Amino acid sequence: MTRVVETLPQRAARGFYSLAWYAGAPLAAAYLLWRSIRQPAYRRGWASRFGLAWPPASRPGRPVWIHAVSVGETMAARPLVEGLLAARPGQRVLLSHMTPTGWETGERLFGDRVERCLLPYDMPHAVSAFLRHYDPVAGVLMETELWPNLVAAADVRGMPLALVNARLSPRSLAKARRILPLVAPALARLGPVIAQTEGDAARLAELGCEASVAGNLKFDVHPDPALVERGRAWRPVPPRPVVLAASTRDGEEVMLLDAWPRTEALLAIVPRHPQRFEEVARLMAARFGTGLVRRSGLGEGDDGAGQAFATRLASAGTLGLLGDSMGEMPAYYAMADVAILGGSLAPFGGQNLIEACALGVPVVLGPHTFNFAEAAEQAIEAGAALRVADAAQAVATALEIAGDAPRRARMGERALAFAGAHRGASERILARLLPLVDAAA
């Protein structure tokens with residue numbers, strides 16, 4: 001990490017930024033209370049979020065700290081965490097999150113092999129208290145997490161802080177330029193910065209940040225075999241086509257349901273955010289009536305792998321499936337013939353298509369994929385994905401692929417080849433991080 005001396009405008013920008021955080025703290029507390037009404041897990045760790053207290057350390061030694069804000073970043077961090085634990089047995093690892101779903105994903109993936117905490121909001125006293133309490137030997141931020149006060153506090157402590165799997169879309173670059181006095185010193189304090197693609201590195205360079213390129217960690221995430229088998233057991237018996245709308249965002253379900261025709265195919269919708277499960281259930285019930293099946297209806301202790309569920313999905317009376325569960329996306333992909341990628345039909349920037357490709361599932365993309373622009377274009381070039389203009393085209397194209405076995409098989413093979421060709425980012429990133437950790441230990 002490079003010690004950075006801020007200019008007067010930069011100090012002023014961070015000062016106003018800090019004041020905004022303190023002024024907004026009551027609103028942040030109100031937001032947590034509101035979210036906790038529908039998601040009680042948001043009641044966890046309020047003291048940590050505001051920099052007041054954290055759990056005591058569960059083991060001795062200074063940790064390597066990795067920040068993964070939510071589910072996607074936590075999944076992406078998996079090969080990095082596993083590689084670190086394998087390369088440095090006994091090393092204490094701390095994984096921080098900002099969302100309950102991120103916490104729950106970390107708990108499911110790593111159990112008690114790593115410690116978990118909630119990262120505080122970016123107020124100077126809170127982030128300084130966090131670093132004093134845990135005293136990390138080094139820190140790793142995932143993807144787009146750039147918190148100016150946190151980075152500055154790490155700089156004061158002389159703690160190495162890396163940004164890995166970094167991505168910066170053209171839209172995010174435009175926003176960053178508008179607050180450059182705040183962003184530039186934060187980026188200058190990081191080292192190393194390791195980007196997903198050459199395009200991401202070039203955009204970071206426009207902000208004055210030198211970044212190397214290692215590829216996308218998400219290609220190194222291997223689907224949980226138990227979940228894959230679960231999804232395969234869900235496949236309708238006797239067979240019928242299954243179209244999966246994966247990680248849908250607000251407004252996209254309405255588009256898809258309006259475009260969905262009378263067909264023997266089954267439409268499975270898995271919303272991106274759990275707080276929207278009930279809303280989407282109402283939308284699907286209005287369209288499918290008693291023909292709607294909910295994953296949650298299987299019961300907490302039932303993994304849904306039985307013949308009864310597969311037979312139910314095969315019934316002509318079952319028209320739609322709502323995937324209202326967390327952590328089971330590999331199972332939903334494994335049951336599907338084709339996937340429509342959520343977040344790409346409305347201007348949200350798209351979700352991760354790599355998981356679908358890793359399971360050999362053909363992907364249909366809408367027009368909005370700026371969050372994963374290069375991966376999307378590469379998947380299209382590889383023949384693993386197709387881009388369409390809108391939800392109506394997405395539905396029509398997905399049904400065509402689902403009903404054409406040879407075409408579906410070709411796209412599935414190309415998806416597997418595409419995912420396999422881009423693996424190796426975790427090894428390249430660890431090669432940069434391990435000397436950093438060893439030198440600081």
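How large is the accessible surface per residue of segment 75-139, computed with a 1.4 Å probe and reported in Å² as a whole number?
Using a 1.4 Å probe on heavy atoms only, each residue of segment 75-139 averages 30 Å².
Using only Cα atoms and rounding to the nearest 10 degrees, what angle (0 to 90) does helix 8-38 make with the longest principal axis of the chain?
40
If you count only protein heavy atoms with a 1.4 Å probe, what accessible area per residue comes out for segment 265-423, rounded to a whole Å²?
37
Separation of segment 354-423 and segment 15-44 by C-alpha centroid, Å?
A separation of 38 Å, based on Cα centres.
Per-residue counts of other Cβ atoms within 10 Å, averaged by peptide: what ranking do you get for 361-372, 150-161, 81-92, 412-423, highest first?
361-372, 150-161, 412-423, 81-92
Between Ala166 and residues 5 or more places away or on another chain, which pairs have amide H atoms under 5 Å apart, with H built 1.01 Å from N, and which residues are they?
Under 5 Å from the amide H of Ala166: Glu143, Ile194, Ala195, Gln196.
What are the ³J(HN,Hα) values, in whole Hz, obtained from phi via the Karplus relation 6.51 cos²θ - 1.76 cosθ + 1.60 with θ = phi - 60°, for each residue of segment 184-199 in sequence order, with x given for Gly and Pro?
4, x, 5, 5, 5, 7, 8, x, x, 10, 10, 8, 6, 9, 4, x
Can you classify segment 1-141 as rounded, prolate or oblate using the Cα gyration tensor, where a ≥ b ≥ c are the square roots of its eigenvalues, rounded means a/c under 1.5, and otherwise it's prolate if a/b beats b/c and oblate if not?
Working: a/c = 1.97, a/b = 1.22, b/c = 1.61.
Oblate shape, in that a/c is at least 1.5 and b/c is the bigger or equal ratio.
Between Arg294 and residues 5 or more places away or on another chain, which pairs have amide H atoms under 5 Å apart, with H built 1.01 Å from N, and which residues are they?
Amide H neighbours of Arg294: Leu322.
Report, largest value first, the span of the C-alpha coordinates of segment 90-233 along each principal axis, in whole Å.
Per principal axis, max minus min of the Cα coordinates gives 53, 37, 26 Å.
Express the carbon and sulfur contribution to the solvent-accessible surface of segment 167-298 as a percent, rounded to the nearest whole number, probe 1.4 angstrom.
Here it works out to 53 percent.
Amide H neighbours of Leu161 under 5 Å, counting only residues 5+ apart in sequence or on other chains, H built in-plane at 1.01 Å?
Here Gly139, Gly191 satisfy the definition.
Rounded, prolate or oblate: pick one for segment 204-269, where a ≥ b ≥ c are the square roots of the eigenvalues of its C-alpha gyration tensor, a/c under 1.5 means rounded, and failing that, prolate if a/b is larger than b/c, else oblate.
Oblate shape, in that a/c is at least 1.5 and b/c is the bigger or equal ratio.
Checking the a/c ratio against 1.5 first, then a/b against b/c, what shape does the Cα gyration tensor give for the chain?
Here the chain falls in the prolate category.
Provide the per-residue ³J(HN,Hα) series for segment 419-432, in order, calculated from phi with Karplus coefficients 6.51, -1.76, 1.60 and θ = phi - 60°, each as a whole number of Hz, with x at glycine and proline positions.
5, x, 5, 10, 7, x, 4, 4, 5, 5, 6, 4, 4, 8
How many percent of the accessible area of segment 347-427 is carbon or sulfur, using a 1.4 Å probe?
52
In sequence order, what are the phi-derived ³J(HN,Hα) couplings for segment 68-77 according to the Karplus relation 6.51 cos²θ - 1.76 cosθ + 1.60 with θ = phi - 60°, rounded to whole Hz, with x for glycine and proline?
Using θ = phi - 60°, the values come out as 10, 4, 9, 4, x, 5, 5, 4, 5, 6 Hz.
The values are calculated or read from the model by the stated rules, or taken from the named source; none is laboratory data. In this text, all values refer to a predicted model and were calculated from it rather than measured experimentally. We place every Cβ from the backbone using ideal geometry, glycine too, and count neighbours over all the protein chains shown. Ligands, DNA and RNA are excluded from the accessible area calculation, which covers all protein heavy atoms including side chains. Shrake-Rupley method; radii C 1.70, N 1.55, O 1.52, S 1.80 Å.
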